[in-house]
Structure formats: structure tokens, C-alpha cells
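The values are calculated or read from the model by the stated rules, or taken from the named source; none is laboratory data. Since the model is a prediction, treat every value here as computed from it, not as a measurement. FYI the Cβ positions are ideal-geometry reconstructions off the backbone, even for glycines, and counts take in every protein chain you see. Ligands, DNA and RNA are excluded from the accessible area calculation, which covers all protein heavy atoms including side chains. Shrake-Rupley method; radii C 1.70, N 1.55, O 1.52, S 1.80 Å.
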Amino acid sequence: MFDIGFSELLVIAVVALVVLGPERLPKAARFAGLWVRRARNQWDSVKQELERELQAEEIKRQMQDVRQSMRDTESQLRASGEAMRREAAQAQQHGGDLAQEVRAPAPAQTPPHLADDAPAPPAPPAPQDVVPVTDAPVQPAATAPADNPVADAPTPPERQP
């Protein structure tokens, strides 16, 4: 704000002491402090009021943006609702046409795969890896001694403690 250093404050204090004297200087200092405090309070209140006004303007701007986006969304929803109503009416009309077609007797036609002169479709190939399921427990297959090298190995001698 003001660029006042310590030396300038000292000069002002000495001048005030000489001009006012030692008896009136404390009263003058209190009076000056009171006016400085009032000026600061007034400045702070003006500053707070400006900030509140700016915040109120910002909130109003945000509210207008939200209202506009709500209007846009509402118009989009109405347009999509109208489109859905048109599609539903078309589907209902199409469904009525289908109902009339179903009620009308169609000429009897045999599908080609059920015709008497058509060859029978080939049977699906039988799976090769299918094992029949039985309730009997499964027994392990016996192996020949030559196939199992561990069984042919000599057992180590027992150790005595």
C-alpha cells in the first residue's frame, strides 16, 4: 500500500513529539489509531460486499446455465418421446398386419427337408473319445514289471541307529 520504512516512521514520530508535545501525543496516537481502524473496517466491509456480489453473480450465471441445460434436455426428451410414439404406432400397425397374415390360411407347403422325395440328412458323426459312464469303481491298470523301473530297483538297506 504505502511504502513507509522504519526510518520514515521514526521521523514522523519525532515531528509529532515536537509539534504535539509529550502530554497530547498519546491522545493523538489513540485518535489516529481509531481512525485507521475505522478506515480498515470500512474497507473490509466494502471488500466483503463486492465479493458477495461477485459470488451472487456467479451463482446466477450457473443457475442460468443449469436452466438452459435442463431446457435442452427436456426438448431432447420430448423429441425422443415423439419418435418413440411414432415407432410404437408403426409397430402396432405392423403387428396388426402380421395378425391378419396369421389369421389368413396359407397354402400348405411342406418344407424341403421333410418332403418324401428328399434324402435324409446325414447323421452326426459319433464322438471317438467318449467313455461310457458306469457305477463301478475304476481299477488302475496293472503294469508289467519291465514298464516300471522304480519297482525293479533294489531297496536300500535299513539303517541302524
Original post:
Would you call Val66 among the aliphatic types (A, V, I, L, M), part of a helix (DSSP H, G or I) and loosely packed, with under 10 Cβ neighbours inside 10 Å?
Top reply: no
**OP:** Quickly run through the range 16-60 and pick out the residues that are open to solvent by less than 80 Å² (accessible area, probe 1.4 Å) and among the hydrophobic types (A, V, I, L, M, F, W, C).
**Re:** Ala16, Leu20, Leu25, Ala28, Ala29, Ala32, Leu34, Val36, Ala39, Val46, Ala56
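Condition check ((1) under 23 Å from Leu9 (Cβ atoms); (2) touching a helix residue (DSSP H, G or I) at 6+ places or on another chain (Cβ under 6 Å); (3) acidic (Asp, Glu)) across all residues:
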| position | (1), (2), (3) |
| --- | --- |
| Glu23 | yes, no, yes |
| Ala29 | yes, no, no |
| Ala39 | yes, no, no |
| Trp43 | yes, no, no |
| Glu58 | no, no, yes |
| Gln64 | no, no, no |
| Arg71 | no, no, no |
